[in-house]
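Step one of this worksheet: look at the structure below.
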Amino acid sequence: MALYTTKLYIILYKIHPKTLFVGQILQYLPSCQSTNDEASVLIAQIDPNEGLVVITDNQTAGRGQRGNQWEAKAGENLTFSLILKPGFLMATEQFWLNIAVSLGIYDALQPLVGPSLRIKWPNDIYVGNQKLGGILIENTLHGYSIAWSVVGIGLNVNQIDFGYSTATSLQALAPLPNTYDLPGLLSRLCETLEQRYLQLLAGQRDTLKINYLQILYRFQQEHRFESEGQSFRGTIIGIDPHGRLAIQVNGQIRYFAFKEVSFDIEGRS
Ligand code: BTN
């Protein structure tokens, strides 16, 4: 007699977000290597509609920032990619999309998690010193502007055990008796992501930047950082127009691009 030990994790993503375009078309894959890769294939092959979301229950080779892997237990989390066409953004303005997307995720999660939710520069979703979610945005340029963006989002939702202490989930932070409804959460995320994207499209950059800094992890607090093998104490005082992190060190302001600086051990992702 065959012994079936496979866990059931079939979730049918039928959502009806109150949006103009984000999530109106959903491509659901029970399993795939990476939703970002699947979205890139769609862009190369079919000129998909803006707002199309590719989602899977079981991402087998999820990719993270800095060449890291993104691991998520099948059927317990959200792993999806949103296709955007931000032709209004110059290649040098990519960071604005990071801001809008981070805030979109923040808006959906804050009512569930509460005031301790933060965005860790450039775009990790944090509670305390633990990571709740991550974003991997991959852009295709056309001349000086961004033709396509694949916005990959991984959120730890119902998974409880991670094997390492730096990750957390909604269910670990704010447990629900019957776990979180993944399609319901996805639908809400489509709405908040679209709102922030439309804010960006409308040129409301000042508001976006103010909102981003208000919830930035370790903003205006002195902490230890590391750059080029050197450890130093400094205070995050803002971001520049290219999205570089501005840190005040010994009375001087130093600017760091992504990968040029890391947070100290307690804050490492
Ligand atoms: C990070 O924090 O390192 C970014 C993680 C991004 C993970 C998501 S899951 C959906 C999408 N597909 C991928 O392969 N990666 C992103």
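The values are calculated or read from the model by the stated rules, or taken from the named source; none is laboratory data. Since this is a predicted model, take the numbers as computed values, not measurements. When we count neighbours, we look across all protein chains shown, and the Cβ atoms used for this are built from the backbone with ideal geometry, even at glycine. Protein only, heavy atoms only, side chains kept; ligands, DNA and RNA dropped before computing areas. Shrake-Rupley method; radii C 1.70, N 1.55, O 1.52, S 1.80 Å.
For region 117-269, just say rounded, prolate or oblate: build the C-alpha gyration tensor, square-root its eigenvalues into a ≥ b ≥ c, call rounded for a/c under 1.5, and beyond that prolate if a/b exceeds b/c, oblate if not. Working shown, then result.
On the way: a/c = 1.91, a/b = 1.17, b/c = 1.63.
Cα axes put region 117-269 in the oblate bin.
Please give the residues of region 78-93, grouped as numeric ranges, whose backbone N is less than 18 Å from a label point set 7 Å along the Cα-to-Cβ vector of residue 142.
83-93
Going by a ≥ b ≥ c, the root eigenvalues of the Cα gyration tensor, does region 222-263 fall in the rounded group (a/c under 1.5), the prolate group (a/b larger than b/c) or the oblate group?
Values: a/c = 1.98, a/b = 1.18, b/c = 1.67.
In terms of gyration-tensor shape, oblate.
Under 5 Å between amide hydrogens, which residues at least 5 positions from residue 78 or on another chain qualify, with H placed 1.01 Å from N in the peptide plane?
Hits under the 5 Å cutoff: 155, 157.
Roll a 1.4 Å probe over the protein chains and send me the accessible area per residue for region 160-269 in Å². Provide the component values of the computation, followed by the final result.
Values: 5950 Å² over 110 residues.
On a per-residue basis, 54 Å².
Using a Cα-Cα cut-off of under 17 Å, which lysines could be cross-linked to residue 85, ignoring same-chain neighbours fewer than 8 residues away?
The qualifying lysines are none; the list is empty.
Which value at 222 nm does the chain reach when only helices count, each DSSP H run of 4 or more adding -39,500 (n - 2.57), with the total divided by all residues and rounded to the nearest 500 deg cm²/dmol? Could you put the intermediate results ahead of the total?
Values: 5 runs with 66 residues, N = 269.
Theoretical 222 nm ellipticity from helices: -8000 deg cm²/dmol.
Could you tell me which chymotrypsin sites (Phe, Trp or Tyr not before Pro) in region 53-129 are loop residues by DSSP with no more than 14 other beta carbons within 10 angstrom of their beta carbon?
Details: sites: 70, 80, 88, 95, 96, 106, 126; in loops: 88.
Filter output for region 53-129: 88.
When the scattering of the chain is computed by the Debye formula from its Cα atoms alone, each counted once and equally, what is log10 I(q)/I(0) at q = 0.09 Å⁻¹?
For the chain, the Cα-only Debye profile gives -0.41.
Need one number: nm distance between label points at residue 90 and residue 178, each 7 Å from Cα along Cα→Cβ, rounded to one decimal.
5.2 nm
Within region 145-193, report the chymotrypsin sites (Phe, Trp or Tyr not before Pro) that DSSP leaves as loop and that have at most 15 other Cβ atoms within 10 Å. Walk me through the numbers before you get to the answer.
Numbers: sites: 148, 162, 164, 180; in loops: 162, 164, 180.
Hits after loop and neighbour filter: 164.
Does anything in region 222-242 have its amide N under 11 Å from the 7 Å Cα→Cβ label point of residue 252, and if so which residues?
It comes to no residues whatsoever.
Select from the chain the helices, each a whole stretch of DSSP H, whose alpha-carbon atoms run 24 Å or more along the helix axis and whose Kyte-Doolittle mean is at least -1.0; answer none if there are none. If you can, show how the numbers build up before the last one.
Numbers: long enough: 94-113 (29 Å, 1.00); 182-201 (28 Å, 0.26).
Answer set is 94-113, 182-201.
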